[in-house]
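Encoded as C-alpha cells, the structure appears first; notes follow it.
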Amino acid sequence: MKMKTTLTCLLILLATLGFSQAKDPKASALLDEVSAKAKAYKSIKVDFSYTMVNVKAKINEEKVGTLFVAGDRYRMNAAGQTIICNGKTIWTYIAASNEVQLNTLENKDDALTPSKLLTSYNSNFKSKIIKSADAAVESVELIPNSSKNFTKAVLGIDKAKKQVRSFTLFDKSGNTFTYKIKSYVTDAPFIDSDFNFDAKKFPGVEIIDMR
C-alpha cells in the first residue's frame, strides 16, 4: 500500500536508526548520533515532498505532505489521506470517500511507531558511507541483512545539524521512492487532540471499524 510505504519511510527518516551491526564504523557512529538526537526531541514536525519513479512503467509521481510525531503518536497528511495514531488506535481518513478506517496498533514488527522502528530495525541493516553530490550532506547506504521488499535505501544526512534531509528507497518492483524534508521543526507544542480523530469535524463520515 503506497500510503503505508510512505509512512514507514518517513518514520524511519525521522527516527533514523542506530545500526549496531553496521560494518562501517563511521556510518554506525553517524547513525547513532542522528538517532540519539532525534529521540531527545519531544516532537518533530516536517513538511516533505516525495516522488515515485518507475522508468519501465513510465511512472513519475510527485506529492507533498506533512508529518507530526510525538513519541508513539503521529499525524500524517498526504495524497488526500490523513493517518492519525494516539499510540493505541490508528485512524486512516480518506477524503475522497469521506470515510475513516479504525485499526488497533498491534505489538508486532509492522506496527508503525517511531519507538518500535528504533528498536526493531536496530540490527536489520548494514550501512556504509557513500559519495555524496552535496558537500553539506553525508550519504549513507543501507542494505537489509535479510530479504525485504526493497533492495537498498540511501539516507542523506545534514553534516552540521545531524538531521536527515532525504531518504531514497529502491524496491524490488523497480520503483524508486525519494523523500525530501522541506522544513524540520523540533519540540513544536502539541495537545492530545492532535493525535485523535474527531468525527464531529467530518459531517457524514463513514466509520469502518476494523478492530
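Quick one: would you say L17 is at pLDDT below 90, under 27 Å from S127 (Cβ atoms) and assigned to a helix (DSSP H, G or I)? Walk me through how you get there before you give the answer.
Working: at pLDDT below 90: yes; under 27 Å from S127 (Cβ atoms): yes; assigned to a helix (DSSP H, G or I): no.
So L17 fails the test.
One residue stands out among those in segment 31-74 that are under 30 Å from D192 (Cα atoms) and basic (K, R): the one that is surrounded by the fewest Cβ atoms within 10 Å (Cβ to Cβ), which is K42.
Counting only residues that are part of a loop (DSSP other than H, G, I, E, B) and at pLDDT 90 or above, segment 59-87 holds 1 of them. Mind checking whether some residue in segment 168-181 is out of contact with any Phe, Trp or Tyr (no Cβ under 6 Å at 6 or more places or on another chain), β-branched (V, I, T), surrounded by 10 or more Cβ atoms within 10 Å (Cβ to Cβ) and touching a residue at least 40 places away in the same chain (Cβ under 8 Å)? Yes, that holds for at least one residue.
The rows are residues; the columns are (1) under 30 Å from A57 (Cα atoms); (2) touching a strand residue (DSSP E or B) at 6+ places or on another chain (Cβ under 6 Å).
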site	(1), (2)
A153	yes, yes
K159	no, yes
L169	yes, yes
G174	yes, yes
I181	yes, yes
S193	no, no
N196	no, no
P203	no, no
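Here is the figure for segment 142-152: residues that are part of a strand (DSSP E or B) and free of Cβ contacts under 8 Å to residues at least 40 places away in the same chain total 5.
For segment 180-192, check the following and say yes or no: at least one residue is of a type outside the set (K, R), modelled with pLDDT of 90 or more and part of a helix (DSSP H, G or I). The answer is yes, given that some residue of segment 180-192 is of a type outside the set (K, R), modelled with pLDDT of 90 or more and part of a helix (DSSP H, G or I). Report yes if some residue within segment 157-165 is part of a strand (DSSP E or B), surrounded by fewer than 17 Cβ atoms within 10 Å (Cβ to Cβ) and within 19 Å of the chain's Cα centre (by Cα); otherwise report no. For segment 157-165, residues part of a strand (DSSP E or B), surrounded by fewer than 17 Cβ atoms within 10 Å (Cβ to Cβ) and within 19 Å of the chain's Cα centre (by Cα): absent.
The values are calculated or read from the model by the stated rules, or taken from the named source; none is laboratory data. Since this is a predicted model, take the numbers as computed values, not measurements. We place every Cβ from the backbone using ideal geometry, glycine too, and count neighbours over all the protein chains shown.
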